[in-house]
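Chemist: Before I ask anything, let me first share the structure, which is written out below as structure tokens.
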Amino acid sequence: MEPATRHIAIVAPEPTEIVARARAMIPALAQRSLEGRRQRRIPDETIADMQRAGFFRVLQPKRWGGYEMDLHTFYEIQLALAEGDMSTAWIYGVSGVHPWFMALLDDRAAQEVWRSDTSALICSSLMPAGRATPAEGGYRLSGRWRYASCCEHCDWALLGAMLATGNGGPPEGRIFLLPRKDYGTIDTWQVSGLQATGSWDVSVDDVFVPAHRSQSMLDNFLLKGPGQALNTSSLYRLPFGQIFVRGISTAALGALQGMLNAFLDYGRTRVTRAGGRSAENPFVQLLCAETAAAIDEMTNTLHRNFRNLHAYARRGETPPLEERLRYKFQSTEVTERCTLLAARIFKATGAAGLAEGLPFGGILADLMAGRQHISNQYEYVGSSWGGVMFGLANKDLML
């Protein structure tokens, strides 16, 4: 059978089962978290566990061995992983959406990536840091990109660049797919949080990329891609920007839940220097209630938004711009609120919370690091939405 018509028979687990697999990993992830920080990479055993559990197949097309599950399942897995270790959930939120993106590309790209190994992983740095020029049959690409999370575990990379159109018009933003042999990785990841994500630099020196391994940002915004001719599920009619930004923020929600869980365990027996039990302190009690309520609210908003987006996709409709702007802001708002609540929990642990053997300082540092991602810039994204409310033009295609 020709690869272009290939269909791989699989038996997909039930959504509840695969989420249960993620929840079962929480203790092991928490135990490995400190060593991951020290090694500045996700342990190989964690990637192997995630592969065996099928997590990276959740959004992958069925014809390439995937499960084609909905986004609710994907983010429930990410939330669970983050309760154990935010870095693990972070790389899942990034690399785990790339099989979905592959469904938009010309099927020749999927053939190259998955023909010999349907579990091959893809990293990315989508900022338009590269320079691309047209060439016969494709493009020439050069540049250096930062923050390619999990790149040492991946065989392919998706990289953003501006393409000089040559017709006097503005350059066009595009995403390019490259195999490992066409790019180098540079260990620059000396940071204070999310150390285990291994978000190294990627460099490319004048490499040819065939046209079938590229997609314009405008087409992403318009919910279009040549791969949709074969990947016909409504799953692949959702806005890429919405999926990507939630992959960047949802780990914070799970990490805050993990921090709250640890704080409740810690506070049940903690007696402060002032002689009182933390569990009986009304201010501590209120903080726990506020944190739990915020997590519940933000998680419900996440799922409501994707229920709405899935409904648009099933009807073959494009979500309205105002709605997409609101949903992106609600994604960005997650890390803003999570960092503020986590800082309060950290303060409530007292000096003992500084101990490396307790998770509080590490989780707070991870949350602060996640807040720095461009997709989590609360003020910028909020002002973009607010400007459109005033009738100004929208300039954001990552919606």
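The values are calculated or read from the model by the stated rules, or taken from the named source; none is laboratory data. Keep in mind the model is a prediction, meaning the values are calculated, not measured. Note that each Cβ is placed from the backbone with ideal geometry, even for glycine, and that neighbours are counted across all protein chains shown.
Chemist: For the range 190-219, enumerate the residues that are within 19 Å of ASP155 (Cα to Cα) and either hydrophobic (A, V, I, L, M, F, W, C) or outside any strand (DSSP E or B) (or both).
Modeler: ALA196, THR197, GLY198, SER199, TRP200, VAL202, VAL204, VAL207, PHE208, VAL209, HIS212, ARG213
Chemist: Just to be sure, is LEU367 among the hydrophobic types (A, V, I, L, M, F, W, C) and in contact with a Cys (Cβ under 6 Å, 6 or more places away or on another chain)?
Modeler: yes
Chemist: Only one of (1) assigned to a helix (DSSP H, G or I); (2) more than 20 Å from the chain's Cα centre (by Cα); (3) over 21 Å from PHE244 (Cα atoms); (4) modelled with pLDDT of 95 or more is not met by GLY391, so which one is it?
Modeler: (1)
Chemist: Just for the range 45-72: of the residues that are farther than 30 Å from THR232 by Cβ and without any contact (Cβ under 8 Å) to a residue 40 or more places away in the chain, which one is surrounded by the most Cβ atoms within 10 Å (Cβ to Cβ)?
Modeler: ASP49
Chemist: As an exercise: evaluate LEU367 against (1) under 22 Å from GLY93 (Cα atoms); (2) touching a Phe, Trp or Tyr at 6+ places or on another chain (Cβ under 8 Å); (3) not basic (Lys, Arg) and give the number of the one condition it does not meet.
Modeler: (2)
Chemist: As an exercise: evaluate LEU358 against (1) of a type in the set (A, V, I, L, M, F, W, C); (2) part of a loop (DSSP other than H, G, I, E, B); (3) closer than 19 Å to VAL245 by Cα and give the number of the one condition it does not meet.
Modeler: Answer for LEU358: the failing condition is (3).
Chemist: Also, quick follow-up: Could you tell me whether any residue of the range 310-322 is more than 22 Å from PHE283 (Cβ to Cβ), among the acidic types (Asp, Glu), outside the structural domain of GLY36 (by TED's automatic domain parsing) and crowded, with 21+ Cβ neighbours inside 10 Å?
Modeler: Taking every residue of the range 310-322 in turn, none turns out to be more than 22 Å from PHE283 (Cβ to Cβ), among the acidic types (Asp, Glu), outside the structural domain of GLY36 (by TED's automatic domain parsing) and crowded, with 21+ Cβ neighbours inside 10 Å.
Chemist: If I filter the range 82-95 for residues that are aliphatic (A, V, I, L, M), within 26 Å of HIS373 (Cβ to Cβ), surrounded by 24 or more Cβ atoms within 10 Å (Cβ to Cβ) and free of Cβ contacts under 8 Å to residues at least 60 places away in the same chain, do I get at least one hit?
Modeler: No: the range 82-95 contains no residue that is aliphatic (A, V, I, L, M), within 26 Å of HIS373 (Cβ to Cβ), surrounded by 24 or more Cβ atoms within 10 Å (Cβ to Cβ) and free of Cβ contacts under 8 Å to residues at least 60 places away in the same chain.
Chemist: Criterion first (farther than 21 Å from GLY247 by Cα, touching a residue at least 24 places away in the same chain (Cβ under 8 Å) and in the same structural domain as TYR378 (by TED's automatic domain parsing)) does LEU286 satisfy it?
Modeler: No; evaluated as a whole, the condition is false for this residue.
Chemist: Continuing with this model, one more query. Those residues that are of a type outside the set (Ser, Thr, Tyr), surrounded by fewer than 21 Cβ atoms within 10 Å (Cβ to Cβ) and in a strand (DSSP E or B), I need them from the range 139-157; list them, please.
Modeler: ARG140, ARG144, ARG146
Chemist: Do we have ALA196 as in contact with a Gly (Cβ under 7 Å, 6 or more places away or on another chain), among the aliphatic types (A, V, I, L, M), surrounded by fewer than 18 Cβ atoms within 10 Å (Cβ to Cβ) and not assigned by TED's automatic domain parsing to the domain that holds LEU367 here?
Modeler: The answer is no for ALA196.
Chemist: Which pairs have Cβ atoms under 9 Å, sit 6 or more apart or on different chains, and link a residue in the range 379-399 that is surrounded by 16 or more Cβ atoms within 10 Å (Cβ to Cβ) to one that is of a type in the set (Ser, Thr, Tyr)?
Modeler: The qualifying pairs are VAL381/SER331; VAL381/THR332; VAL381/SER375; GLY382/THR332; ASP396/SER384; MET398/SER375; LEU399/TYR327.
Chemist: Please specify each residue of the range 158-185 satisfying the condition of being touching a Cys at 6+ places or on another chain (Cβ under 8 Å) and surrounded by fewer than 20 Cβ atoms within 10 Å (Cβ to Cβ).
Modeler: Matches in the range 158-185: ARG180, THR185.
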